[in-house]
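Undergrad: One structure follows; several queries about it will come next.
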Amino acid sequence: MSEFTKPYEDKMDGALRHLDKELVAIRAGRANPAILDRVTVDYYGSPTPINQMAAVAVAEARILTITPWDPSLIHAIEHALLVSDIGINPTDDGRVIRLVFPAPTEERRRQLTKDVQKLGEETKVAVRNVRRDAMDKLKAQKKNSEITEDDQKNLEEEMQKITDKYVKLVDKACEEKNKEIMEI
């Protein structure tokens with residue numbers, strides 16, 4: 001990797017990490033503690049992530065348990081879950097909150113796979129935009145006689161290889177998520 005391509009590869013890596021975060025949030029019928037990453041509880045006036053105020057564990061394949069360290073927070077956590085967009089009603093026994101993940105219907109799974117494909121395409125567009133920016137910069141440097149035509153050609157080929165690598169990684173991440181979604 002050259003000095004020129006490093007910042008562009010870092011941007012592509014950022015796009016891939018963003019996709020990974022988005023894919024984790026897509027509920028595939030399995031209990032996954034990462035689905036709670038975006039849910040915050042009003043804790044003495046400041047929004048606090050659930051995993052900072054409770055132990056979150058996967059009790060069974062489709063059941064997530066939330067055990068607050070301070071039992072007085074159970075109702076605040078339950079309220080935060082109800083108003084969040086995770087779409088699961090919590091149940092509690094006074095000490096532990098349980099989230100039971102229903103198995104998605106066939107129609108819902110198909111919709112989720114479409115959502116995954118859309119996220120994948122958006123990420124590929126972001127990766128290609130980074131490549132375009134790099135190519136534009138190379139053309140400008142060649143025009144200003146900062147680099148030779150051979151250097152430009154070599155760096156363009158290197159950028160294309162990096163782009164191809166990230167597009168394959170995006171496809172692989174989406175394929176794995178779709179496989180997880182379609183499992184019954």
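Throughout, read-outs are computed from the coordinates displayed, never taken from laboratory work. This structure is a prediction, so every number in the text was calculated from the model and none was measured. Positions of Cβ are backbone-derived with ideal geometry, glycine not excepted, and every protein chain shown enters the neighbour counts.
Undergrad: Run down the lysines and flag those whose C-alpha is under 20 Å from the C-alpha of Lys168, throwing out any fewer than 8 positions away in its chain.
TA: By straight Cα distance, Lys168 reaches Lys6, Lys11, Lys21, Lys114, Lys118, Lys124, Lys177, Lys179.
Undergrad: Can you pull out the GluC sites (Glu not before Pro) in the range 134-184 that DSSP calls coil and that have at most 16 other Cβ atoms within 10 Å? Don't jump to the answer; show the numbers that get you there.
TA: Values: sites: Glu146, Glu149, Glu156, Glu157, Glu158, Glu175, Glu176, Glu180, Glu183; in loops: Glu146, Glu183.
Answer by residue number: Glu146, Glu183.
Undergrad: Mean shadow of the range 59-130, computed from the convex hull of its alpha carbons, in nm²?
TA: Computed as one quarter of the Cα hull surface, the answer is 7.2 nm².
Undergrad: Once the principal axes of the Cα atoms of the range 114-184 are found, what is the range along each, listed largest first in whole angstroms?
TA: Taking the Cα atoms of the range 114-184, the three principal extents are 59, 16, 9 Å.
Undergrad: Given the convex hull over the Cα atoms of the chain, what projected area results after averaging over all orientations, in nm²?
TA: Projected over every direction and averaged, the Cα hull of the chain covers 13.5 nm².
Undergrad: Apply the Karplus curve 6.51 cos²θ - 1.76 cosθ + 1.60, θ = phi - 60°, to the phi angles in the range 5-15 and return the couplings in whole Hz, x for Gly and Pro.
TA: Values, residue by residue: 7, 3, x, 6, 5, 4, 5, 5, 5, x, 5 Hz.
Undergrad: To continue, here is another question. List every residue whose amide H lies under 5 Å from the amide H of Ala54, counting only residues 5 or more places away in sequence or on a different chain, with H placed 1.01 Å from N in the peptide plane.
TA: Trp69
Undergrad: Considering only DSSP states other than H, G, I, E and B, which trypsin sites (Lys or Arg not before Pro) in the range 60-164 qualify as loop sites with at most 11 other Cβ atoms within 10 Å?
TA: Arg95
Undergrad: Show me the three semi-axes of the equivalent ellipsoid for the range 1-48, from the C-alpha gyration tensor (sqrt of 5 times each eigenvalue), largest first, rounded to whole Å.
TA: 32, 17, 6
Undergrad: Follow-up question, since we're still on this one. Within the range 43-101, list the chymotrypsin sites (Phe, Trp or Tyr not before Pro) lying in a DSSP loop whose Cβ has at most 16 other Cβ atoms in a 10 Å radius.
TA: Loop-located and lightly packed - Tyr44, Trp69.
Undergrad: Could I ask something else about it? Taking only DSSP H segments of four or more residues, each worth -39500 (n - 2.57), what value at 222 nm results for the chain once the sum is divided by all its residues, to the nearest 500 deg cm²/dmol? Can you show the working numbers first?
TA: Numbers: 4 runs with 102 residues, N = 184.
It comes out at -19500 deg cm²/dmol, rounded to the nearest 500.
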